[in-house]
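Presented below is the structure to which this report refers.
The values are calculated or read from the model by the stated rules, or taken from the named source; none is laboratory data. Keep in mind that what you see is a predicted model, and the values were worked out from it rather than measured. Virtual Cβ from ideal backbone geometry, glycine too; neighbours counted across all protein chains shown. Side chains included, ligands, DNA and RNA excluded: accessible areas come from the protein's heavy atoms. Shrake-Rupley method; radii C 1.70, N 1.55, O 1.52, S 1.80 Å.
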Amino acid sequence: MPYEHQTRREIEGNMSDNDPQGLYRALGIQPSANSDEIRTAYRKLAKDTHPDTSQDQNTEKFQKIAAAYEVLGNPLRRAAYDRSAYKAPTQETQTKVIDPICCSRCGQVTAQPRHIVFFRVYSFIFMTTRNPVQGIFCASCAKKEAARSSIITLIAGWWGVPWGPLYSVGSIIGNGFGGQHKRSADEAMIWYNALAFLSHGHMQLSYALAMQSKNALDKEIAKNADELTRLLERSGVDPKQGKLKNPWRTSVLSATTYCLMAFALPGALAAALFVDSQNGSRSTVYGGATTPYVSPPKTAPYQQNVQKAVTTPDVPTCANVPPNGQLLGPNRLSTADGHALEIRNGAGGNAIIKVRTEISGAVVATFFVRSNQTARISGIPDGRYKVQYAFGSALDVSCQRFVELNGADEFPRAETLNTEQTTTEIITQVLSYTLYAVPGGNIRPQSISAQDFERP
Ligand SMILES: [Zn+2]
């Protein structure tokens, strides 16, 4: 019986459940603490216990505090730590009852939790910060936090140049469409809950969650979930009631509200960014991988090449620069359906984006994103893709490629796009990347050669 319940550790109530190694406890804070509270708590404790300054030389305690802050003080490491509490139990451990995951805000058990990072932007003249607010959320607390963070951003975010408006618009839309979350983490938590509800005897609920887990990216989870559903069907669970409502669906009304909020930001920049993301946007962003990324600022080489282009008029260039989002050359997009790719280009130059299949490297689409604009293409079929991009000076006479590249990059991870079908709708994904330096962004692109970028 592989599905008897097993866990490596005792669970003593919800709080410790969210704090498997006691890092929050070491700093004397709750797992729901925000980044400012974490910093304040750390500074105070560090001062009290530092071997150089403290009366009671407590090196061990100081080290513990420093170690806790090293993880919790970094949004990405903190996110990984928060998620680590919910690894599904392994088979070799002993049989125990495990508790389902609780929302870190309201403390209620939530069947389909997500670990989400929302952003609040604060600006003052030349300074702009993006503060993450993160935790394990139920859908209703997530909606509240998305609204709170977005309203704070709306009031405090755009008063800085040049990043204030850009970050603000990005954060408000990001928050409105569910914040940053990882599909693999969501799936791991759903599977954990399937086992937890089973261990508490809630067979129907466990079955519904296991049905979702069958589509997990993690092959191990998918396989075990499949076994579990069959086991439960044999023991009398009704497969007809196997669907849970998806509480994470972004409604058209809410999507519109957030778009309006972002639109309300003064400045042509915000407006320009937004015209594009309105095009063909679907309200079903469930499971969309939202991937922030960091690009080293490209402004210096870009400016150099602009000058070169201007001072060498003998190179023929494109007469009419294509509109933002223009597809360049042949593509394999489907007109009817498929996934979307959205590129926010804040890097300070026009960019060409290529989507290639992971295995063969065949180009699925090539398109043009103007500087400081957002472009979106849709109709990408299911599959695994790599996204490459390049900046350049001027386009050549064909208007399909740059005369000279100022460097090309590739996002290191291939992304899987899968269409999910429920009884009432077809759910496709939106993959989004931002081409500008985001402090704390978690993806560093790898540079590739011009030949690699140009090859058909
Ligand atoms: Zn909640």
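Note on Leu431: accessible area is roughly 10 Å² with a 1.4 Å probe, heavy atoms of protein only.
In terms of its Cα atoms, region 19-84 spans 37, 20, 16 Å along the principal axes, sorted from long to short. If a spin label sat at a point 7 angstrom from the Cα of Ile125 along the line to its beta carbon, the backbone N atoms of region 153-171 nearer than 14 Å would be those of 159-162. Here's the picture: charge each Lys and Arg Cβ at +1 and each Asp and Glu Cβ at -1 in region 19-84, and of Leu76, Thr59, Pro31 the one pushed furthest to the positive end of that dipole is Leu76.
For the cross-link pairs Lys143/Lys243; Lys64/Lys214; Lys245/Lys386; Lys64/Lys219; Lys144/Lys245; Lys144/Lys354, the ones whose C-alpha atoms lie over 30 Å apart are Lys64/Lys214; Lys245/Lys386; Lys64/Lys219; Lys144/Lys354. Taking R0 as 35 Å, what FRET efficiency do you get between Arg249 and Arg25 from their Cβ-Cβ distance, rounded to the nearest 0.05? Once rounded, the FRET efficiency stands at 0.45. Potential lengthening of the chain between Asn74 and Gln421 amounts to 121.3 nm, from the contour at 0.36 nm per residue minus the alpha-carbon distance.
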